[in-house]
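Worksheet: one structure, shown below.
FYI, it's all coordinate maths here, none of it is from the lab. Quick caveat, the model's predicted, so the values are computed rather than measured. So basically every Cβ, Gly included, is an ideal-geometry build from the backbone, and we count neighbours across all protein chains shown.
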Ligand SMILES: Cc1cc2nc3c(=O)[nH]c(=O)nc-3n(C[C@H](O)[C@H](O)[C@H](O)COP(=O)(O)OP(=O)(O)OC[C@H]3O[C@@H](n4cnc5c(N)ncnc54)[C@H](O)[C@@H]3O)c2cc1C
């Protein structure tokens, strides 16, 4: 065991846990360091595009996610009054992209990703302060209130958009920038009546999304253009004021929501010129945080995880493997991030003439064309990660 190569993964989010799964499949010993004291049920829902489902297949966890999600639903785009601008059929999406789009609670995705990892390889309550260099040139991971971890063969910085490792090791990369959009998210019981379609509704300078989950709950989000940092004493009332007059059942979803989360949306406007510096590699939002309108941020983190593991299997030399990872991931994530930025602006147009022109264009576009647009990033095929499969999780683990 001790002679296996060792990777320290900073951050236990979707990217970090995905990387840990991939590296273990590639035969590495892995230590995940997560600053949170425990994995609480996180956030609201998340949609995973077919590319993410295939990444999860490559990581050995695709069937667990598929078992949770309902039969592919149909969906579409509406105006704020509820008039359909465009509709698509879930089966057609699946046929075109070779896998369904799925939506699940983030807590379920985290649980699935954590489940195969042995308890001793995931250390919570450990905050990483920085990554230095040991005398032999290998990285040394400095931690708050814990001993430094000496000489791992590789450090994977999956510590999110505000990545401390990126700030320290890539000081030339500008920090996150505000996209101009703020978003509320919630989870509500399913309203009575016929089952809801997945859908987005567009008004002036605002959009609202409705995403039914497998457990009968509805994940919803509302995004508006706003100044950064504005908070309300009663966030639910703020959403009601902004979206309460939109089509049914938006008002009901807001009124019955278990939680109302409010976050400003930031992104990395300039991506690093390389995701690799020595034996430190950026992954997930730490490398390419993007606006969420394409639903691709988490999906790209899972793709990163698969490509990193596959590169380390294919290339015996670690530096060559990291170069291969960088070569494959930077152009791809750069293209997705650019597209997410464009879509983000299109979804919340405020000028009435621009709104009318956009809606007309959508109405005139055959739904097959719209689906092909979605397929642009969803058709990604993962490389194989040959190697030992992930060992079964040890009984008695605290992370069930
Ligand atoms: C409103 C919204 C909606 C979204 N919807 C979707 C969607 O539908 N589909 C999709 O694919 N993506 C979506 N995204 C994007 C997605 O959430 C992110 O891309 C994804 O969570 C990134 O995962 P990550 O692991 O890279 O980073 P994170 O999830 O940010 O995880 C980073 C982890 O590192 C830990 N950490 C940070 N610093 C340290 C440190 N110094 N030491 C130790 N640990 C540390 C943090 O506690 C955290 O657990 C959305 C984003 C937003 C904001």
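Helix 297-314 and the long axis of the chain differ in direction by around 30°, with both axes built from C-alpha atoms. The DSSP beta bridges internal to the chain are antiparallel in roughly 70% of cases. By the beta-carbon count within 10 Å of each Cβ, the least crowded to most crowded order of 121, 80, fewest first, is 121, 80. Once C-alpha pairs closer than 8 Å and six or more residues apart are averaged by separation and normalised to the residue number of the chain, the relative contact order reads 25 percent.
Ranked from highest to lowest mean number of other Cβ atoms within 10 Å per residue, what is the order of the peptides 274-285, 135-146, 24-35, 207-218? It would help to have the intermediate numbers written out before the result.
On the way: 274-285: 23.7, 135-146: 14.5, 24-35: 21.2, 207-218: 19.7.
Ranking, from highest mean packing down: 274-285, 24-35, 207-218, 135-146.
Efficiency by 1/(1 + (r/R0)^6): what FRET value for residue 35 and residue 84, r their Cβ-Cβ distance, R0 = 60 Å, to the nearest 0.05? Could you put the intermediate results ahead of the total?
On the way: r = 45 Å, r/R0 = 0.74.
It comes out at approximately 0.85.
Between the helical axis of 367-378 and the longest alpha-carbon principal axis of the chain there is an angle of about 20 degrees.
Normalising by the residue count of the stretch 19-113, find the relative contact order in percent from Cα pairs under 8 Å and 6+ residues apart.
On the way: 103 pairs, mean separation 33.2, N = 95.
Once normalised by length, the contact order is 35 percent.
Highest mobility in the GNM of the chain, judged by mean-square fluctuation with C-alpha springs under 10 Å and restricted to 222, 125, 378, is found for 125.
For the chain, the longest principal axis of the Cα atoms and the long axis of helix 352-364 meet at an angle of about 80 degrees.
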